[in-house]
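Colleague: Mind looking over this structure? Questions follow.
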Amino acid sequence: MKLDRFSTILEAYGADPQRWPSAEREDALLLTKSSVPAARALAEARALDSLLLQQTFPNFAREAEQFTLLHSAIVSGAHRRASTWFVRWFGIDLAPSQLWPSVAGLALATVLGFAVGLGGLLQAEADHDDADGSVLSAIDLSAIGQ
């Protein structure tokens, strides 16, 4: 085994021989016994491994969970404030479970108003079927000018 390959193994797998590829493990151990640069590289890798084992890393899963909880609290609080403001001013709750009866009532009133208005217009048109077709014919326009 050459020193370049041994350095590559140390960089990839660390200083623990149990993690090294099994086909190259014995050759690498023999190289560390016969070569001073290989033994030095192994000592440096062991020092680096011990430093890495001493380090504590943040628990990103826990931080993500806390961020999700914080985000949920902010969004629900903003929705609660917006909906209470809207209820105070307009008397309508924007929650979907509370909003659909108001929308349905408004749609029904619109349809009924349109139907009644259209029916009234059709009836008025049938009642005022004059010879000249003018609604203003019944008004005495001579009295307006005086």
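The values are calculated or read from the model by the stated rules, or taken from the named source; none is laboratory data. Given the structure is predicted, the values throughout are model-derived calculations rather than measurements. Note: ideal-geometry Cβ built from the backbone for every residue, glycine included; neighbour counts use all protein chains shown.
Colleague: Given the criterion assigned to a helix (DSSP H, G or I), modelled with pLDDT of 75 or more and surrounded by 10 or more Cβ atoms within 10 Å (Cβ to Cβ), identify the matching residue among Phe114, Phe86. Can you show your working first?
Modeller: Numbers: Phe86 fails: modelled with pLDDT of 75 or more.
After ruling out the rest, the residue left standing is Phe114.
Colleague: Now a separate question. Return the residues of region 1-50 that are of a type in the set (A, V, I, L, M), outside any helix (DSSP H, G or I) and at pLDDT 90 or above; say none if nothing qualifies. Write out each step before concluding.
Modeller: The first filter runs over region 1-50 and keeps only residues of a type in the set (A, V, I, L, M), leaving 1, 3, 9-10, 12, 15, 23, 28-31, 36, 38-39, 41-43, 45, 47-48.
From what's left, outside any helix (DSSP H, G or I): 1, 15.
Listed by number, the list holds a single entry, Ala15.
Colleague: Of all residues in region 20-43, how many are among the charged types (D, E, K, R) and surrounded by 12 or more Cβ atoms within 10 Å (Cβ to Cβ)? Break it down into steps so the answer makes sense when it comes.
Modeller: We begin by selecting, within region 20-43, every residue among the charged types (D, E, K, R); these are 24-27, 33, 40.
Imposing the further condition that a residue be surrounded by 12 or more Cβ atoms within 10 Å (Cβ to Cβ) reduces the set to 24-27.
Total satisfying the criteria: 4.
Colleague: Which one of the conditions (1) in a helix (DSSP H, G or I); (2) surrounded by 14 or more Cβ atoms within 10 Å (Cβ to Cβ); (3) modelled with pLDDT of 70 or more does Leu53 fail to meet, given that it meets all the rest?
Modeller: Leu53 satisfies all of (1) in a helix (DSSP H, G or I); (2) surrounded by 14 or more Cβ atoms within 10 Å (Cβ to Cβ); (3) modelled with pLDDT of 70 or more except (2).
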